[in-house]
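Below is one structure, written out as structure tokens; the observations come after it.
We did not get these values from a lab; they are worked out from the coordinates using the rules stated. What you are looking at is a predicted structure, and each value in this text was computed from that prediction instead of being measured. Neighbour counts are summed over all protein chains in view; Cβ atoms, including those assigned to glycine, are modelled from backbone coordinates with ideal geometry.
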Amino acid sequence: MIPVGGDDPYEVIIGRGILASSVAEQLGSRVAKVLIVHPATLGARASALREELSGSYEVLLAEVPDAEEAKRVEVAAFCWQIMGQTDFTRTDAVVGLGGGATTDLAGFVAATWLRGVRLVQCPSSVNGIVDAAIGGKTGINTNEGKNLVGSFYSPVAVVVDLDLLDDLPHNEVLAGFAEIVKCGFIGAPEILEIIERDVETATDTRSAEFRRVVELSIALKARVVGEDFRESGLREILNYGHTLGHAIEHAERYRWRHGAAISVGMVFAAELARIAGSLPDVVVDRHRSILTSLTLPIDYPLGRWKTLLATMQRDKKARAGMMRFIVLDEAGKPSVLAGPDEALLFAAYQEVGV
Ligand code: GLY
């Protein structure tokens, strides 16, 4: 169990075969109805969970589209409709069962229904487990951009049942590792050592090493969001690799996996720190070798620079018109580089551009 601090503290419960028992324990006895929000790919898991909970609760299922397609206002409205038609009250609860997009949507639905109902998040992807489901960011996209509508809303618990990962294709596990590597570089160096020691074992979801890197990543995120829930400072370090990464996702019309995009973004950020500051070549090389060992991309077409720059300038994290990048002063020591000039950014991009 890993505690997440802040105004509404809760726990991340990690194990195997714990889904139904832990969800029931977290729902408690005051809840009458439970809405399980899940994608079609987890239909069998959602039905099994419904069976197991149905002795104690009236359980409803909301099957939502996969991935980013879930994060649309029409899909949120579909969930609200089920809740409205079943007289869902403030003492009822939402369970988010799925990857990061599903838990973002489920969190948003829970946060907005009657100004907030109980929420238990059950992430089923590596990215969801180590990042999206932890820290209370909930939201949906609009035509103008990602995550433009949402709220900070804490679940009562995050239940990580590692059994859910056993169904994942290996390349999805590898893509999820980008967030794990990010945690390694910004403050949990043991992660990097475990991956370097044996990448096959580290990425085997049944291994002790996999569980260890997951726990280290969750602990890092829990510490950061416990100190800065609303991202007024420290939490920004979790965006390492994300400024360019988001621009790549946008340029690729979200056909690239998030992990692939932030993989390139982290190499870019490392090059930026090398050129702007003093990050040694060896740390930049370490980014490339670890990410390559995970078969994640480390370069992107040079000719796309203008498009990427325009998107980064619009990035919601730009403050007072200034672009902000998380860079490393050294491995494990992130800092903010605000308002770097375009020549510097382009110099760094030339190192990842092909
Ligand atoms: N995914 C970054 C954060 O939760 O702040």
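Could you line up Trp256, Trp305 from fewest to most neighbouring Cβ atoms inside 10 Å?
Trp305, Trp256
Could you give the nm distance between label points at Ala208 and Asp8, where each point is 7 Å from its Cα heading toward the beta carbon?
A separation of 3.7 nm, rounded to one decimal place.
Computed over the Cα atoms, what is the radius of gyration of segment 202-289 divided by 2.2 N^0.38 Å, N being its residue count?
Working it through for segment 202-289, the quotient is 1.24.
How would you rank Val34, Val173, Val94, Val156, going from fewest to most other Cβ atoms within 10 Å of each one's own Cβ?
Listed from fewest to most nearby Cβ atoms, that is Val156, Val173, Val34, Val94.
Rounded, prolate or oblate for segment 1-102? Axes are the square roots of the Cα gyration tensor eigenvalues, ordered a ≥ b ≥ c, and the cut-off for rounded is a/c under 1.5.
Rounded, since a/c falls under 1.5.
When Met83, Met322 are ordered from fewest to most other Cβ atoms inside 10 Å of their Cβ, what list results?
Ordered from fewest to most neighbouring Cβ atoms within 10 Å, Met83, Met322 come out as Met322, Met83.
If I stretch the segment between Glu200 and Ser232 completely, what's the gain in nm (0.36 nm per residue apart, minus their alpha carbon distance), one decimal?
7.8 nm
Compute the semi-axes of the equivalent ellipsoid of the chain, taking the square root of 5 times each eigenvalue of the Cα gyration tensor, and list them largest first in whole Å.
Taking √(5λ) for each eigenvalue gives 35, 22, 17 Å, largest first.
Using the alpha-carbon atoms, what tilt in degrees (0 to 90, nearest 10) does helix 43-53 show relative to the longest principal axis of the chain?
Taking Cα atoms only, the helix is inclined about 50 degrees.
Once label points are set 7 Å from the Cα along Cα→Cβ at both Ala338 and Ser29, what is their separation, rounded to one decimal in nm?
5.2 nm
Determine the gain in length on full extension of the stretch Val156-Ser289; use 0.36 nm per residue of separation and subtract their C-alpha separation, reporting nm with one decimal.
44.0 nm
Pairs Lys146/Lys306; Lys33/Lys221; Lys146/Lys221; Lys33/Lys182; Lys146/Lys182: which are spaced more than 28 Å apart, C-alpha to C-alpha?
Long pairs (Cα-Cα over 28 Å): Lys33/Lys221; Lys33/Lys182.
State the answer as a single residue: which of Asn239, Ile36, Gln81 lies farthest towards the positive end of the charge dipole of the chain, with beta carbon charges of +1 for Lys and Arg and -1 for Asp and Glu, about the Cα centre.
Gln81
If you take the charge dipole of segment 19-143 about its Cα centre, with +1 on Lys and Arg Cβ and -1 on Asp and Glu Cβ, which of Val117, Ser21, Gly98 is farthest toward its positive end?
Val117
If you average the C-alpha positions of segment 1-72 and of segment 183-200 separately, how far apart do those two centres end up, in angstrom?
Centre-to-centre distance over Cα atoms comes out at 30 Å.
I need the shape label for segment 123-282. Rule: rounded when a/c is under 1.5, else prolate if a/b > b/c, else oblate, with a, b, c from the alpha carbon gyration tensor.
rounded
What FRET efficiency, computed as 1/(1 + (r/R0)^6) with R0 = 35 Å and r the Cβ-Cβ distance, is obtained for Arg90 and Ala40, rounded to the nearest 0.05?
0.75
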